[in-house]
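Asker: Following this message is one structure expressed as structure tokens.
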Amino acid sequence: MIIPVLDLMIGQIVLAQGGNRDAYRPVQSKLTTSSDPVEVAQAMFNQTGCDWMYLADIDSFAGASPNWPVFNQLLERGFGLWVDADWLSDDRFHLIEDRVETTERLKVIVSSETVQSLAQFSALESLQGNGFQVIFSVDQKGDAVITRSGELSTATPLELVQRACEFGVNEFIILDLGEVGTRNGFQSESAASTLIEEIRSERRDLTLTSGGGVRNADDVRRWIDCGCDHVLVASAIHDCALTPDDASQFVT
């Protein structure tokens, strides 16, 4: 299944540039002239038929509070959201219940980038106990795990997956941020694809998502063949390189 990507920065949708956030600029799309989150989401839905979106709140990683006004606008329009934000600084995850009316159309992504200690993995259990669907994202640049924690930096990506599993998580994003927005296509020997194959050799029951550099439907198929259940896509949708007919093959 395709999951369209919305990267949110200063209230606008931007396009990622190999994980270099200083180079992110408002999206330029063949689908819309707008960078407004709701309008971009609607345009991506019209192109793909996908009503679930991955939304990365870039500003929250730099210290801002999660952008609940935008999240709620999208939820109110009927979109399902996978929200990747810094939920762990100042224990922000405790505030989520007060900011959203229903958990049915919201999945909370906790990424290795935001984890500051191994003890914070307990937040995964707490969120699930409060009715939230939780995805753990293993963020890498090449072979290096992106994290704020010295404890995590010595762990292998597979060990992080195993630890999250111990806290009840069964959905994971495996992402090489260096490939995001590059249009380099599926890389069979990338850190992400290698890790997915490694996980699949041990666990067939986990739900895995990846992406980065997707150019067209062939790249989507190659990620699925690698072991992904879902594939994150942005540029190929905005470029119209992924047509509605292409997308219909991957919508479930």
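The values are calculated or read from the model by the stated rules, or taken from the named source; none is laboratory data. In this text, all values refer to a predicted model and were calculated from it rather than measured experimentally. Cβ sites come from the backbone with ideal geometry, for glycine too, and all protein chains shown count toward neighbours. Ligands, DNA and RNA are stripped out before the accessible areas are found, and what is left, the full protein with its side chains, is counted by its heavy atoms. Shrake-Rupley method; radii C 1.70, N 1.55, O 1.52, S 1.80 Å.
Asker: Give the accessible area for His94 in Å² (nearest 10); use a 1.4 Å probe, count only protein heavy atoms, and leave out ligands, DNA and RNA.
Answerer: 100
Asker: Hey, any idea what % of the range 86-242's accessible area is carbon plus sulfur with a 1.4 Å probe?
Answerer: Details: 2690 of 6560 Å².
It is 41 percent, rounded to a whole number.
Asker: Could you give me the percent of Cα pairs per 10 Å distance bin for the range 1-86, shortest bin first, beginning at zero and ending with the bin that holds the maximum distance?
Answerer: Whole-percent P(r) values from 0 Å outward: 18, 55, 26, 1.
Asker: Could you state the accessible area per residue of the chain in Å², with a 1.4 Å probe and every protein chain left in place?
Answerer: Working: 10560 Å² over 252 residues.
That works out to 42 Å² for each residue.
Asker: Just need the relative contact order of the chain here, percent rounded to a whole number, with Cα pairs under 8 Å and 6+ apart. Don't jump to the answer; show the numbers that get you there.
Answerer: Details: 491 pairs, mean separation 52.7, N = 252.
Worked out over the chain, it gives 21 percent.
Asker: Also, I was wondering about something else. Using label points projected 7 Å from each Cα along Cα→Cβ, tell me how many nm separate Glu159 and Ser126, to one decimal.
Answerer: 2.4
Asker: For the chain, what does -39500 (n - 2.57) per DSSP helix run (n ≥ 4), summed and divided by total residues, give at 222 nm, in deg cm²/dmol to the nearest 500?
Answerer: Details: 11 runs with 82 residues, N = 252.
Mean residue ellipticity, 222 nm, calculated: -8500 deg cm²/dmol.
Asker: According to the square roots a ≥ b ≥ c of the eigenvalues of the Cα gyration tensor, what is the shape class of the range 1-150, taking rounded for a/c under 1.5, prolate for a/b larger than b/c otherwise, and oblate for the remainder? Before the final figure, lay out each step's value.
Answerer: Values: a/c = 1.85, a/b = 1.27, b/c = 1.45.
Oblate.
Asker: Considering only protein heavy atoms, with the full assembly of protein chains and a 1.4 angstrom probe, order Lys30, Lys107, Lys141 by accessible area, largest first. Could you put the intermediate results ahead of the total?
Answerer: Numbers: Lys30 150, Lys107 25, Lys141 100 Å².
My answer, sorted largest first, is Lys30, Lys141, Lys107.
Asker: Now, a different point. Label-point separation (nm) for Asp22 and Arg203, each offset 7 Å from Cα along Cα-to-Cβ?
Answerer: 3.6
Asker: I've got another one for you. Could you pull the accessible area for Glu151 with a 1.4 Å probe, rounded to 10 Å²?
Answerer: Its heavy atoms expose roughly 90 Å² to the probe.
Asker: So, how do all the Cα-to-Cα distances of the chain break down into 10 Å bins, in percent, from 0 on up?
Answerer: Going out from 0 Å in 10 Å bins, the chain shows 7, 34, 40, 18, 1 percent.
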